[in-house]
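In what follows, a structure is listed as structure tokens, so that the remarks can point back to it.
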Amino acid sequence: MSSLSSVDPQIAELIKAEERRQADTVKLIASENYVSKAVLEATGTVLTNKYSEGYPGKRYYEGQQVIDQIETLAIERAKSLFGVNHANVQPYSGSPANLAIYLAFLQPGDTVMGMGLPFGGHLTHGWSVSATGKWFNPVRYGVRRDTGRVDMDEVREIALRERPKLIFCGGTAIPRTIDFPAFAEIAREVGAVLAADIAHIAGLVAGGAHPSPVGHADVISTTTHKTLRGPRGAMLMATADEHATALNKAVFPGLQGGPHNHTTAAIAVALKEAAADEFKDYARQVVVNSQALAEELLGRGFDLVSGGTDNHLILLDLTPKGIGGKPAAQALDRAGLETNYNTVPFDPRKPFDPSGIRIGTAGVTSRGMGVAEMRQIGAWMDQVVSALAKDQDEAERVITRVQGEVRELTARFPAPGL
Ligand code: DSN
């Protein structure tokens, strides 16, 4: 970063500080990961200089000789990795990708059905504060209070009553396998378009560690930077030609201008990496690690929503530990264990001060950590949270000790790309 250091030493120093922070902490944020050096390199290139409104072979600016090849490679790799006929790699991120689905299939005021935010759904699945909840008519499903899982009979009942034109499955805090065939059957019964938002699990789907929505969902949206381990970006995929045409028109010119070509190139690199055999091992290990961490936490008296996990994600309700999610996440962060506070289903507390924390194993698995490290992380989490619930001075001592031990662990497992 020699040029950056001389032009803007302040920003250069801050970037270095963030790199050190990432190196020294255990990333347990379920939606984050570490990209490879190759993905980082593709992101920081001259491709950022180019405008290319349109699609390969049909652009509104000249000079697309190279960009067309890059975008075509990204599209072909996405199609081959996920087994779909069409892919659009231009959405700037997950929210614009989901908004494009509305624009492609709905009119303002139409009914959309998605999982409610407090139950694990995403803002863009029709939650009230999102444009999707303001401009469309949202109806919601949740999870059962006794199981913490989606009740497909209830989903069907709501769908038959409300007749949504679009149904979303997937979300941001779902620790269990999504039943794509059951959602597809319901969507067919009510004549709705089924959108599978696989942002969290895309890497698991690509690596064969979660069932695929292909053949069930009409459209698939995903970010590229979570378990898929690419740059910050998104993709939309479809099998039917008419769906693909509607999605393409919705992304450009419906919602966006020029695609971010440096991101497109980095997505292409990440997709190549995800097609390798090692990525299948990675995806499997993410789930093995997640289940080992869940087991450790259960053994230490933590309450896990749905009682465990099938994927990379664990949602903890800290109520039995006598502490809120926010103070717990803040204390864990000071100890070098990075999480986010999160609402849990039927949460009596407010979203900015909820009962839970959400964790995931995509990042730690990218660092090469395994089951033994998951057990250690579970023990540290318990020590920090239990001390915090008891006594502030004791909590300070535990946080300082754990922070030192976390540093020793992270030094043994260097993160990719750093
Ligand atoms: N911010 C993403 C997540 O953390 O799941 C969702 O948009």
So if I take the centroid of the Cα atoms in the range 363-418 and the same for the range 276-305, what is the distance between those two points in Å?
16
Cα gyration tensor shape for the range 128-286, rounded if a/c is under 1.5, else prolate or oblate
oblate
Looking at the range 170-266, what % of its DSSP beta bridges pair antiparallel, to the nearest 5?
55
Taking every pair of Cα atoms in the range 1-43, average 1/r, invert it to obtain the Kirkwood radius, and report Rg/Rh to two decimals.
1.04
Averaging the inverse of every distinct alpha carbon separation and then flipping it gives the Kirkwood radius. What is it for the range 261-319, in angstrom units?
13.4
Calculate the dipole size of the chain relative to its Cα centre from +1 charges on Lys and Arg beta carbons and -1 charges on Asp and Glu beta carbons; express the result in debye to the nearest 20.
240
Grab the Cα-Cα distance for residue 62 and residue 189, subtract it from 0.36 nm times how many residues apart they are, and report the gain in nm with one decimal.
41.0 nm
Rounded to 0.05, the calculated FRET efficiency for the beta carbons of residue 281 and residue 93 at R₀ = 35 Å is 0.80
Any idea what the relative contact order of the chain is, in percent, if you count C-alpha pairs under 8 Å spaced at least 6 apart?
22
Residue 51 versus residue 14: modelled label distance in nm, points set 7 Å from Cα along the beta carbon direction
2.8
Three-way shape call for the range 1-127 based on the alpha-carbon gyration tensor, with the a/c threshold at 1.5:
oblate
Test of understanding: what is the full-extension gain from residue 240 to residue 400, defined as 0.36 nm times their sequence separation minus their Cα-Cα distance?
52.0 nm
Suppose R0 equals 22 Å. What FRET efficiency, 1/(1 + (r/R0)^6) with r the Cβ-Cβ distance, do residue 24 and residue 379 give to the nearest 0.05?
0.70
Using a 7 Å offset from the Cα along the Cα-to-Cβ direction at both residue 411 and residue 3, what is the distance between the two label points in nm, to one decimal?
3.6
Under 15 Å from the 7 Å Cα→Cβ point of residue 249, by amide nitrogen: which residues of the range 80-121?
100-108
Between residue 85 and residue 272, what's the calculated FRET efficiency when r is the beta-carbon distance and R0 is 30 Å? Round to 0.05.
0.90
Diffing the range 87-102: the Karplus 3J(HN,Hα) column from phi (6.51, -1.76, 1.60, θ = phi - 60°), in whole Hz with x for Gly and Pro, holds 9, 10, 9, 8, x, 5, 6, x, 5, x, 4, 5, 4, 4, 5, 4
Quick one: work out the % antiparallel among DSSP beta bridges in the chain, nearest 5.
55
Based on the Cα atoms of the chain, what semi-axes does the equivalent ellipsoid have, where each is the square root of 5 times one gyration tensor eigenvalue, given in whole Å with the largest first?
34, 29, 18
Pairs of alpha-carbon atoms within less than 8 angstrom and 6+ residues apart define the contacts here; what relative contact order does the range 1-111 have, in percent?
9
Would you kindly give the portion of the calculated P(r) for the range 55-209 that falls above 21 Å, as a percent of all Cα pairs?
50
Which distance in Å, rounded to a whole number, links the C-alpha centroids of the range 189-259 and the range 55-70?
23
In units of 2.2 N^0.38 Å, the Cα radius of gyration of the range 244-398 is 1.29
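Values quoted throughout were computed directly from the atomic coordinates according to the rules given, and no laboratory measurement underlies them. The shown structure was predicted, so the numbers you read here are calculated from the model rather than taken from an experiment. Neighbour counts run over all protein chains shown; Cβ positions are idealised from the backbone, glycine included.
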